[in-house]
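Chemist: Please find one structure pasted underneath; my questions will follow.
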Amino acid sequence: MIGLFESMARPLLRLLDAEDAHRLAIHALKIPPFVKLVADDPRLAVRAFGLNFPNPIGMAAGFDKHAEVPDALIKLGFGFVEVGTVTPHPQAGNPRPRLFRLPRDQAVINRLGFNSEGAEAVLRRLAARAGAVSVPEEVETESLRLTRLLRRSGAHVAGQGGIVGVNIGANKESADRIADYVRLIETFAPVVSYFTVNISSPNTPGLRDLQQAKVFDELTARVVEARQRVSLQAGPTPVLIKIAPDVTLSELDDIVGIARARRVDGMVVGNTTVARPPSLRDQKIAKEPGGLSGRPLFELATRMLAETYVRAEGAFPLVGVGGIDSGAAALAKIRAGACLVQLYSALVFHGLRLIPGIKSDLSNALSRGGLAGIDELVGADAAAMTAEPWPQ
Ligand SMILES: Cc1cc2nc3c(=O)[nH]c(=O)nc-3n(C[C@H](O)[C@H](O)[C@H](O)COP(=O)(O)O)c2cc1C
């Protein structure tokens, strides 16, 4: 299936507007059958946040925003899939064009602005996937009642059938953004394996201010309290916080300190950057406002990951994201402090065959080092990395 997709679809997709190409890729993934290609090397299995991941390679948030194809992605070899960002109410996002490729830099700029079908639509898909209850027609449109119904049925899918997390965000016009996150935790807890609280998208004005110490403390207090409350019925659902690679080191001190004190379950480092490295070759497209991802993000995001790792001191696990486009890049993230990694932009340029390639490179690295598992490599280079000059 990957071979077919590679040879037929990718040259065509490159000719299309980036957002149209993305929609087409989602449609293609809806076509059955998908067969899992090869069983994962058992040495690639990772246990984190109380969940068992078959391999550490995840689909990053933003590819499957509305939870249309998580199971197809799992079958194609991802160890886990993060759907979303989902907002409570549907919203259209920014006007098009809002997604740009920088082929010479192997990078992407997006200013989608949380285009979301909303919690209701996504909940219905994830509930159907959980398959634990048949939902009577009259409650199908009422997310709260559906959630209660799922809770009563005990339909928590902690990794059963593949680990699917939901990345949650606030509506642009929300009067109480923290309340949006709380509500989404209450809504989705019965049907997802974990949450990622996205406070780092550069495309919703003011959202990243939630990373400021005072409001971040209130946010983490309220989401962790919500997680505790729903766990009585839905079971434990880990809550991760996704940060921007653009926070200063003193802001990172506060963020990690508060996350530890409030007992969040982990952090995702990180989102796209608003920075534009001077090395970018597609200078014209580089001027488009939005978040930059892909290869030019790798060094900054990996350094921020190492900085987070040394501050977390093992209090919680980290997910490393940003610019992964090879086995070597995934390994570098792990050595910087990630026990799990995610990617998105590199798939635009390299396609899905990247996933088996990265997994086999990781297996080879374990064999070369005579290592029994990924955990033996996590953070091996973090201290050395943080002593290096800041990446340009
Ligand atoms: C088109 C696009 C849309 C994205 N949408 C989201 C999103 O909705 N929520 C989120 O947390 N991150 C989103 N991201 C960020 C990715 O999840 C990831 O953090 C970032 O792209 C860095 O990884 P990469 O270099 O492998 O792409 C998006 C990225 C891209 C390219």
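FYI, it's all coordinate maths here, none of it is from the lab. Model, not experiment: these values are computed from the prediction. Don't worry about glycine lacking a Cβ; one is built from the backbone with ideal geometry, like all the others, and counts go over all protein chains shown.
Chemist: Tell me the relative contact order for the chain as a rounded percent, counting alpha carbon contacts under 8 Å between residues six or more apart. Numbers along the way, then the final one.
Modeler: On the way: 808 pairs, mean separation 65.5, N = 392.
Result for the chain is 17 percent.
Chemist: Label-point separation (nm) for Leu16 and Glu313, each offset 7 Å from Cα along Cα-to-Cβ?
Modeler: Here the answer is 5.0 nm between the modelled labels.
Chemist: Please get the size of the charge dipole for region 323-392, origin at its Cα centre, with Cβ charges of +1 on Lys and Arg and -1 on Asp and Glu, quoted in debye to the nearest 20.
Modeler: Values: 5 positive and 6 negative charges, 41 e Å.
Using Cβ point charges on Lys, Arg, Asp and Glu, region 323-392 gives about 200 debye.
Chemist: What's the FRET efficiency of Ala261 with Ala328 using the Cβ-Cβ distance as r and R₀ = 35 Å, to the nearest 0.05? Don't jump to the answer; show the numbers that get you there.
Modeler: On the way: r = 36 Å, r/R0 = 1.02.
E(calc), rounded to 0.05, equals 0.45.
Chemist: How much length would be gained if the chain were fully extended between Ala275 and Arg222, taking 0.36 nm per residue of separation minus their Cα-Cα distance, in nm to one decimal?
Modeler: Numbers: separation 53, 0.36 × 53 = 19.08 nm, distance 3.07 nm.
In short, 16.0 nm is gained.
Chemist: Another question about this same structure. Ranking request for peptides 111-122, 91-102: highest mean number of other beta-carbon atoms within 10 Å first, then the rest in descending order.
Modeler: Descending mean neighbour count gives 111-122, 91-102.
Chemist: A follow-up question, please. Using the alpha carbon gyration tensor of region 331-374, what are the three equivalent-ellipsoid semi-axes (square root of 5 times each eigenvalue), largest first, in whole Å?
Modeler: Working: eigenvalues 89, 35, 9 Å².
Working through the eigenvalues yields semi-axes of 21, 13, 7 Å.
Chemist: Follow-up. Quick check on packing: order 78-85, 328-335, 239-246, 22-29 by the mean number of other C-beta atoms within 10 Å, highest mean leading. If you can, show how the numbers build up before the last one.
Modeler: Details: 78-85: 26.8, 328-335: 22.4, 239-246: 25.1, 22-29: 16.0.
For the peptides 78-85, 328-335, 239-246, 22-29, the packing ranking is 78-85, 239-246, 328-335, 22-29.
Chemist: Let me know the Kirkwood hydrodynamic radius for region 268-316, please, with Cα pairs as the basis and the value in Å to one decimal.
Modeler: Details: mean 1/r = 0.0825 Å⁻¹.
Across region 268-316, the inverse of the average 1/r is 12.1 Å.
Chemist: Give the residues of region 64-95 whose amide nitrogen is closer than 20 Å to a point set 7 Å from the Cα of His27 in the direction of its Cβ.
Modeler: Within reach of a label on His27: 64-73.
Chemist: For Leu340, list long-range residues whose amide hydrogen, built 1.01 Å from N in the peptide plane, is under 5 Å from its own amide hydrogen.
Modeler: Placed amide hydrogens put Leu318, Gly320 under 5 Å from Leu340.
Chemist: At a threshold of 8 angstrom on Cα-Cα distance, excluding pairs fewer than six apart, so keeping six or more, what relative contact order does region 292-373 reach in percent?
Modeler: Numbers: 104 pairs, mean separation 24.3, N = 82.
So the answer I get is 30 percent.
Chemist: Something else: Helix by helix through the chain, keep the DSSP H runs that span 20 Å or more along the axis on Cα and average at least -0.5 on Kyte-Doolittle, and give those back in order. Before the final figure, lay out each step's value.
Modeler: Details: long enough: 213-234 (31 Å, -0.09); 298-312 (21 Å, 0.21); 354-369 (22 Å, 0.13).
Those that pass (Cα extent of 20 Å or more, hydropathy at least -0.5) are 213-234, 298-312, 354-369.
Chemist: While we're here: What percentages, rounded to whole numbers, describe P(r) for region 281-353 computed over all alpha carbon pairs with 5 Å bin width beginning at zero?
Modeler: With 5 Å bins starting at 0, P(r) equals 3, 16, 25, 21, 16, 11, 6, 2, 0.
Chemist: Then there is this: So how compact is the chain: Cα radius of gyration and Dmax in angstrom?
Modeler: 19.6, 60
Chemist: Measuring from label point to label point, each 7 Å out along Cα→Cβ, what is the Thr248 to Ser360 span in nm?
Modeler: 4.7 nm
Chemist: Calculate, for Arg96 and Ala383, the FRET efficiency according to 1/(1 + (r/R0)^6) with r their C-beta to C-beta distance and R0 45 Å; round to the nearest 0.05. Can you show the working numbers first?
Modeler: On the way: r = 45 Å, r/R0 = 0.99.
The formula returns an efficiency of 0.50 here.
Chemist: If you build the convex hull over the alpha carbons only and average its shadow over all orientations, what do you get for region 11-113? Give it in nm² to one decimal.
Modeler: Mean orientational projected area (region 11-113, Cα hull): 8.8 nm².
Chemist: Too long at a 22 Å Cα-Cα cut-off: which of Lys65/Lys172; Lys75/Lys333; Lys30/Lys75? Working shown, then result.
Modeler: Details: Lys65/Lys172 16 Å; Lys75/Lys333 24 Å; Lys30/Lys75 12 Å.
Check vs 22 Å cut-off fails for Lys75/Lys333.
Chemist: Arg43 to Ser231: FRET efficiency via 1/(1 + (r/R0)^6), r the Cβ-Cβ distance, R0 41 Å, to the nearest 0.05?
Modeler: On the way: r = 31 Å, r/R0 = 0.77.
In this case the efficiency is close to 0.85.
Chemist: Based on alpha-carbon centroids, what's the gap between region 179-231 and region 22-88 in Å, whole number please?
Modeler: For region 179-231 versus region 22-88, the Cα centre distance is 22 Å.
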